[in-house]
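What follows is one structure encoded as structure tokens, with my remarks underneath.
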């Protein structure tokens, strides 16, 4: 079987946010065995998996990203859309635009500490659209 | 259904290049609903998704990568294949060797501004081989 | 067809390790055409593809990662689990928690020089659990 869901995430402030529950709220059923592919339709935000417990992990990851990919680098040429825009594009390719998670016995088979992160890299990114494709048997 | 295509990309100069049209030219049909997996068979190049409009995004992403992953670091030991080789390996793992894109109503379901990027990290990388696997119903 | 395997990797020391053979040892058969999805259930380790030949590539990649994502940054707040923990979380999102590899004629269709890397980012990460999902026809 294959099933697909289009989900509009509410606007999040810049930083990393756990969206596992928000995503799964839209998925009525999972196959016994399979893979869930979660894809973000944007180039200034990203999806990744990381720790679902201590909120400081999300904050530290964001702090590191902001230092590694700085705003206002003198060599940036793509600057018309704001100081946060080109760094957001770079961050989106570093983190990736999709995550794929195994499904086992009709459940997502992540580790105990894993959650789905939205990386919102714009100051005012607005709503973000994701496409979830579930396939398996 | 599942279908697979082996595509040889023409040699590209070092930097990021949009290959969406070049890839899709080889894919005669997509299922109604599914996922398209695009895989590069090399460890000194990568695939990622990013903005398909302003060419400056590709240039700035390349500029950032070249500063983040420098050539001739004194601690590099893998140096026999040239100054651009070890940085190319690092960049390939940072960007990733594949992208997976949802298929909806027989079309790639990317966002308006998304395109498939080839990251060519060698000065003379030559042709690059990619394997596209399309699955769905 | 779809098949899934749960594999416990023996404890590895910090750094990058090629696990292609260890993984494939657990996969009795591959479909004629398909994709193999390899997923790690942890947030302080990662999976990536890179060169399977010169061991110096693994060492240099680790050296670069340790310099790019330093321990004991004064702005880290998630510090209770040790100096290597928060860097490990950052590295895991940079490299990614899964790899997807095409299957062609019942074989993994990687490039000649590609291998599956485990990125172990903790000093004492212990055994790591991965879930392999194979699908195709």
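Taking the criterion of being crowded, with 24+ Cβ neighbours inside 10 Å and either at pLDDT below 95 or assigned to a loop (DSSP other than H, G, I, E, B) (or both), the only residue of the range A:112-121 that qualifies is A:121. Tell me, please, whether a residue that is more than 17 Å from residue C:98 (Cβ to Cβ), in a helix (DSSP H, G or I) and more than 11 Å from chain C (Cβ to nearest Cβ) can be found in the range A:100-111. For the range A:100-111, residues more than 17 Å from residue C:98 (Cβ to Cβ), in a helix (DSSP H, G or I) and more than 11 Å from chain C (Cβ to nearest Cβ): absent.
Of everything in the range C:1-22 that is closer than 21 Å to residue A:110 by Cα and within 14 Å of chain A (Cβ to nearest Cβ), the residue that is surrounded by the fewest Cβ atoms within 10 Å (Cβ to Cβ) is C:8.
Of all residues in the range B:68-92, which are touching a residue at least 40 places away in the same chain (Cβ under 8 Å) and touching a strand residue (DSSP E or B) at 6+ places or on another chain (Cβ under 9 Å)? Residues satisfying the conditions are B:88, B:89, B:91, B:92.
For residue A:132, the criteria (1) assigned to a loop (DSSP other than H, G, I, E, B); (2) touching a helix residue (DSSP H, G or I) at 6+ places or on another chain (Cβ under 7 Å); (3) within 26 Å of residue B:36 (Cβ to Cβ) hold in every case but one, which is (1). Looking at the range C:69-97 only, could you name the residues that are facing another protein chain (nearest Cβ under 7 Å) and in a helix (DSSP H, G or I)? If the condition is that a residue be facing another protein chain (nearest Cβ under 7 Å) and in a helix (DSSP H, G or I), then C:86, C:89, C:90, C:92, C:93, C:94, C:95 are the ones that fit. Of the residues examined, residue C:65 is not one that is surrounded by 17 or more Cβ atoms within 10 Å (Cβ to Cβ), in contact with a strand residue (DSSP E or B) (Cβ under 7 Å, 6 or more places away or on another chain) and within 14 Å of chain A (Cβ to nearest Cβ). Out of the range C:89-109, which residues are farther than 14 Å from residue C:34 by Cβ and over 13 Å from the mean Cα position of the chain (by Cα)? Correct list: C:89, C:90.
Scanning the range A:122-137 for residues that are over 14 Å from residue A:9 (Cβ atoms) and surrounded by 24 or more Cβ atoms within 10 Å (Cβ to Cβ) returns a single hit, A:133. Residues satisfying the criterion are present in the range A:27-44 (criterion: more than 14 Å from chain C (Cβ to nearest Cβ), more than 19 Å from residue A:5 (Cα to Cα) and crowded, with 21+ Cβ neighbours inside 10 Å).
The values are calculated or read from the model by the stated rules, or taken from the named source; none is laboratory data. As the structure is a prediction and not an experimental result, all values here were calculated from the model. We place every Cβ from the backbone using ideal geometry, glycine too, and count neighbours over all the protein chains shown.
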